[in-house]
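The values are calculated or read from the model by the stated rules, or taken from the named source; none is laboratory data. Here the structure is a predicted model, which means the values were calculated and not measured. Cβ atoms come from the backbone with ideal geometry, glycine included; neighbour counts cover every protein chain shown. All accessible areas refer to the heavy atoms of the entire protein, side chains included, with ligands and DNA or RNA removed. Shrake-Rupley method; radii C 1.70, N 1.55, O 1.52, S 1.80 Å.
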Amino acid sequence: MTADPTLGKRKIQSHRKSRRGCRNCKLRKVKCDERRPKCDKCDKYGILCNYDLRHDDLQLCSTGASAIDITILDFSPNPTWSGSSKSDASASSCTEEAPQYRPTAQDLDTLGRFFTRTIYTLASSNYMHIYHDIYSKLVKSVRSINISATWRKRAADLFQNPFLFHIVLAVTHLHDTYIQQSSSASNFEAIARHWSLGATLLNEAISQPICRLSSSTRDAMWACAGLLGCLAFSIVDADSVEEAWPLKPPDSNDLRWLGFCEGKSAIFKISDPLRDDSMFLPVRDQMAYFMSFKPDLPLSELRKTLPDELIELCSLDLHPRSITTPAAVSKSPYLAPMSMLAQLMPQECNQDNRPLFLGFFRTLQPRFKDLLIKKDPGALLLLLFWYSKVLAFDAWWLQKRAILEYRAISRYLIKAHSDDERVTKLVELVQRSCGIELNS
């Protein structure tokens, strides 16, 4: 019998090549399904699809950013916990069962860039030496690693707070892309990988009872919260004003980044950086000052720094003909952010008082966020006024969102509420105050 020559040969399955696929899929060498406006591969990978090259290659989008799952946070104290602080030696580590990760030489190089460059763009200049010392101590066991010896020990022994280690690397890689004004595939993957690992490990840590968390772990949580805020602000799914919220078509992920603010408030309750054994004790007075701003100013105080039209638009005007009652004002979702904004107006945003301005987002209640989603003019104007104050602060992680959404909100308000003289007057007032016109 003659053997069939076709037997034993592997059949090659033919498939249609994607000739009109997006550039991201071509760079990643995967088949694009050519679905528009964004293909399935980019959507699942968490990057902005770039058929028309409006977006940079492999640009991270907000849906690809790993958020903190605040639904798992447990604020209830352990029944056996008296509330007194535990020492690091007696407290059990929350990362004993964390997935093993072996730092590479590249990781340590990145960590070096954080301590010699990136941290100086994040911390207050007056307290820079303190924050530098805090972060150094929290990741000290990583910085002192001899790479040749790393493989002799378990990865869990190499660093005390792996979630902070990964988030530090993610922020530093993101800072690299800002400086280089481009994002390579390897850099994007490093950001996504470390952000995801850091958020996962942090979620594991905050799900533990407080009594099981060491003092070092709680401090690392708070250090991590600030960096996650920078990451949240920096990821913007737009490269032009027309693509920015609220001008863009509605999407379920709109304003998702505000969830990081809720997560930071939740982490504050667990980490309690104001406690006596905290590494943040030297800056406790500064943090206490930032948290001392009142969320319920009386109308007389609001009128000192905010226009009457804004107060009236937010239904907080109590003139004799107004139907608004004092009780309704106290329950208004506008009151807390407006009170914070009134206290910020005389201030100039800079490196030293940046946390004070970011405290504006702690005042945003769920009802206010619903107003933003519905594009309520009063809520949009409060956010517009806030953006106008921070535009002068040239922070690499904040500028893109601030500029795009400032202009997008302004254009939306002019377009959607052109018949309301109060709205147009307030938008013009904001433009004059910050010196940035819509088309500049």
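Among the residues of the range 276-299, which ones are part of a helix (DSSP H, G or I) and under 24 Å from Met221 (Cα atoms)? Selection gives Leu281, Pro282, Val283, Arg284, Asp285, Gln286, Met287, Ala288, Tyr289, Phe290. Tell me which of these Glu262 doesn't satisfy, since it passes every other one: (1) surrounded by fewer than 20 Cβ atoms within 10 Å (Cβ to Cβ); (2) assigned to a loop (DSSP other than H, G, I, E, B); (3) not aromatic (Phe, Trp, Tyr). Answer for Glu262: the failing condition is (2).
Residues in the range 362-384 that are open to solvent by 10 Å² or more (accessible area, probe 1.4 Å), among the hydrophobic types (A, V, I, L, M, F, W, C) and closer than 30 Å to Val283 by Cα: 1 in all.
When you scan the range 234-242, do you find a residue that is of a type in the set (A, V, I, L, M, F, W, C) and open to solvent by 20 Å² or more (accessible area, probe 1.4 Å), even just one? No, the range 234-242 contains no residue that is of a type in the set (A, V, I, L, M, F, W, C) and open to solvent by 20 Å² or more (accessible area, probe 1.4 Å). When the range 397-440 is filtered for residues that are free of Cβ contacts under 8 Å to residues at least 12 places away in the same chain and either part of a loop (DSSP other than H, G, I, E, B) or over 30 Å from Leu227 (Cβ atoms) (or both), the ones remaining, listed by number, are Lys415, Ser418, Asp419, Glu421, Thr424, Glu428, Arg432, Gly435, Glu437, Asn439, Ser440. Under 8 Å between Cβ atoms, at least 6 apart or on separate chains: pull out the pairs that start in the range 372-385 with a residue that is basic (Lys, Arg) and end on any residue that is open to solvent by less than 10 Å² (accessible area, probe 1.4 Å). Short answer, once both residue conditions are applied: Lys375/Pro246. I'm checking my understanding of the structure. Among residues of the range 14-39 that are within 21 Å of Ser184 (Cα to Cα) and open to solvent by 30 Å² or more (accessible area, probe 1.4 Å), which one is modelled with the lowest pLDDT? Ranking the candidates gives Arg28 first. Looking across the range 374-393, just one residue is out of contact with any Leu (no Cβ under 9 Å at 6 or more places or on another chain) and closer than 14 Å to Phe361 by Cα, and that is Tyr387.
Where in the range 300-353 are the helices (runs of 4 or more DSSP H), entirely inside, with at least 1 residues that are open to solvent by 10 Å² or more (accessible area, probe 1.4 Å) and modelled with pLDDT under 90? Give the derivation first.
On the way: elements: 308-313, 326-330, 335-344.
Because the criterion is at least 1 residues that are open to solvent by 10 Å² or more (accessible area, probe 1.4 Å) and modelled with pLDDT under 90, the helices (runs of 4 or more DSSP H) in the range 300-353 that meet it are 326-330.
For the range 154-183, filtering for residues that are buried (at least 20 other Cβ atoms within 10 Å of the Cβ) and either in a helix (DSSP H, G or I) or at pLDDT 90 or above (or both) leaves 15.
For the range 389-396, the condition holds for at least one residue, the condition being that it is within 29 Å of His175 (Cβ to Cβ), open to solvent by 10 Å² or more (accessible area, probe 1.4 Å), without any contact (Cβ under 8 Å) to a residue 24 or more places away in the chain and not in a helix (DSSP H, G or I).
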